[in-house]
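Structure first, commentary second.
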Amino acid sequence: MSGRGGWRPSPTTVALLVLAGVSASWAHLDAARQDGPAATLVSTHSAAWRVLPELANRSSEGATVELWPVMGEPVRLRPAARGHALWVGDQVLGPADPEAVEGVWDSLRMATTVRAAEEASDAGVGDGGRIVVVLPGDEGTRTIALGRPAPDGSGVYGAIEGGAEGTEGRWVLEQELAILVAQAPEAWLARRAVVVEPAELLAVHDGALTVERGLD
C-alpha cells in the first residue's frame with residue numbers, strides 16, 4: 001500500500017521473497033554437492049570421472065582384459081582368430097562368449113568413480129582383486145586395483161594405475177567392478193560349439209559327412 005513514506009511490501013510479499021531466496025540457495029547447494037546420488041553420474045556437478053576415459057570411443061578388438069580375483073587364478077580374455085579366447089591361468093578353456101566380452105568391455109568403458117577418497121582411509125587397495133586392460137600396440141596397460149567396500153555402501157575403494165590424467169589417486173568406485181572380478185571363469189565361456197553367425201557358414205564337415213549351405 002502507498003503512503004507518505006512510499007510503497008512498502010505487505011508481509012505476504014516479504015514472506016514470498018524470503019522463500020524464493022531460500023529455495024534458490026538450496027538449489028545452488030544441491031548442484032554443488034559431491035556426495036549425493038548425482039555423484040555416480042559423469043557431470044560437472046558431481047565428483048564422478050570416467051575410470052578409463054581412453055576406452056570411450058574404442059572397441060574391444062585387439063585388447064586383453066584380465067580379471068584377477070581375490071583367490072584363484074586370473075581370468076584372461078585374449079584376442080583370438082575370431083573374437084576372444086578364455087584363459088584361466090595358463091590354460092585356454094575355449095572361445096569366450098562374444099556377448100560376455102562386449103558386456104565386460106562396456107562395463108569398463110562406462111565405469112565411473114563415485115567420489116574421491118582420502119589417502120589415509122583404510123582402503124585395502126589391492127586386497128579386492130584387480131582388473132587389467134592391455135591395449136594393442138603401444139597403447140599401454142591400465143590397472144584398476146580394488147579394495148574394501150566403502151563404509152557407507154556406495155561402492156568399493158580403488159586406484160587406477162597407468163590411466164589418463166586426472167584419474168590418479170584413491171577413489172570409491174562402482175560396485176559393478178568388484179562383481180566382474182568375482183565371476184566364475186565359466187561365466188565367460190561361449191555356450192555355442194562354433195562362435196560364428198549362421199549366415200557366415202558355407203559348410204559343416206564331420207568326418208565323411210558334409211552339409212553344405214544352399215541358396216538363400
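Full-extension gain between residue 56 and residue 119, please, as 0.36 nm times their residue separation minus the C-alpha to C-alpha distance.
Details: separation 63, 0.36 × 63 = 22.68 nm, distance 2.74 nm.
The span from residue 56 to residue 119 would gain 19.9 nm if fully extended.
Please list the non-local residues whose amide H lies under 5 Å from the amide H of residue 129, H modeled 1.01 Å from N, same-chain partners needing a gap of 5 or more.
Under 5 Å from the amide H of residue 129: 146.
Suppose every K and R has +1 on its Cβ and every D and E has -1 on its Cβ; what is the size of the dipole of the range 49-200 about the Cα centre, in Debye to the nearest 20?
200 debye
So what does log10 I(q)/I(0) come out to for the range 47-173 at q = 0.14, 0.19 Å⁻¹, using the Debye formula with one equal point on every Cα and no solvent?
Cα-only, vacuum Debye calculation for the range 47-173: -0.62, -1.08.
Every number in this text was worked out from the coordinates using simple rules, so none of it is lab data. Computed from a prediction, not measured in an experiment: that's the story for all the values here. Cβ atoms come from the backbone with ideal geometry, glycine included; neighbour counts cover every protein chain shown.
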